[in-house]
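One structure below.
The values are calculated or read from the model by the stated rules, or taken from the named source; none is laboratory data. What you see is a predicted model; the values in this text were computed from it and never measured. Here the Cβ positions follow ideal geometry from the backbone for every residue, glycine too, while neighbour counts run over all protein chains shown. Protein only, heavy atoms only, side chains kept; ligands, DNA and RNA dropped before computing areas. Shrake-Rupley method; radii C 1.70, N 1.55, O 1.52, S 1.80 Å.
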Amino acid sequence: MLICLVGAIIAATLAARFAVENPGIAMSVLALLIAAFGGALFLRYRVIQANRRQFLAANTELAKVDLMSGPQFEHLVAERMIAEGFRRVRERGGSGDGGVDITAVAPGGGPYAVQCKRYSRTVGAPEVRNFLGALANTFDGYTGVLITSGRLTRQAREEALNARRPLLLVERDRLADWLTGRVALTPQRVP
């Protein structure tokens, strides 16, 4: 550790001396380093975007979703939200998540809180009530979204739609359309 620190100090001293003695060359080298760093960041961004598109394209079929674990489903939902333009998408799932699996900021600026249910069975009213409680207590002011690979019971749907702030519901059929980008979570502006 000490050797690295001494080496860094010596390198900085030599670079400073070189810059003072050769300001034109030093500025050219600095410009090249900045351009290389910027290019590397741009390429990294492009690779991340390509990987995201590939991941989403490979997981648009509900048959694949049905084979996912809960955390894998949450990750898929988070990636789809990013592709839709959401910012600050944070996967919170697991113990201690406060009843919300994902938080994000919509393209229009509003905060969203998402509960993901990768269920082969139906989602019942107790799950909806728990999510509504989390929204009321910890995530007040967030738009609540319940996304499930299954379907909601009639009572669960009534609970969600009759709440003080109704939930956005993405059940199995709408999930298929959302994963392929045919529908959006956010209201679409009319041109």
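Descriptive notes on the structure:
- For ALA78, the stated conditions do not hold, so it cannot be described as in a helix (DSSP H, G or I) and modelled with pLDDT under 90.
- Residue selection: LEU43 fails the criterion of being open to solvent by 60 Å² or more (accessible area, probe 1.4 Å), over 26 Å from ARG121 (Cβ atoms) and more than 29 Å from the chain's Cα centre (by Cα).
- LYS64 fulfils the conditions (1) in contact with an Asp or Glu (Cβ under 9 Å, 6 or more places away or on another chain); (2) of a type outside the set (Gly, Ala, Ser); (3) open to solvent by 40 Å² or more (accessible area, probe 1.4 Å) except for a single criterion, (1).
- The range 143-191, subset of a type in the set (Val, Ile, Thr) and over 28 Å from ALA57 (Cβ atoms), residue modelled with the highest pLDDT: THR153
- Qualifying residue in the range 133-141 (condition: touching a helix residue (DSSP H, G or I) at 6+ places or on another chain (Cβ under 8 Å) and open to solvent by 20 Å² or more (accessible area, probe 1.4 Å)): no
- Cross-chain or 6+ apart pairs with Cβ under 8 Å, the range 115-132 first and closer than 14 Å to ARG157 by Cβ and basic (Lys, Arg), then in a helix (DSSP H, G or I) and open to solvent by less than 70 Å² (accessible area, probe 1.4 Å): LYS117/GLU127; ARG129/GLU159
- Counting the residues of the range 16-29 that are assigned to a helix (DSSP H, G or I) and open to solvent by less than 60 Å² (accessible area, probe 1.4 Å) gives 4.
- Selection status of PHE73, surrounded by 12 or more Cβ atoms within 10 Å (Cβ to Cβ), at pLDDT below 85, touching a helix residue (DSSP H, G or I) at 6+ places or on another chain (Cβ under 9 Å) and assigned to a helix (DSSP H, G or I): no
- Matching residues, the range 143-161, being touching a Phe, Trp or Tyr at 6+ places or on another chain (Cβ under 6 Å) and surrounded by fewer than 19 Cβ atoms within 10 Å (Cβ to Cβ): GLY150
- Residue within the range 87-103 that is farther than 30 Å from ALA57 by Cβ, open to solvent by 10 Å² or more (accessible area, probe 1.4 Å) and touching a helix residue (DSSP H, G or I) at 6+ places or on another chain (Cβ under 8 Å) present: yes
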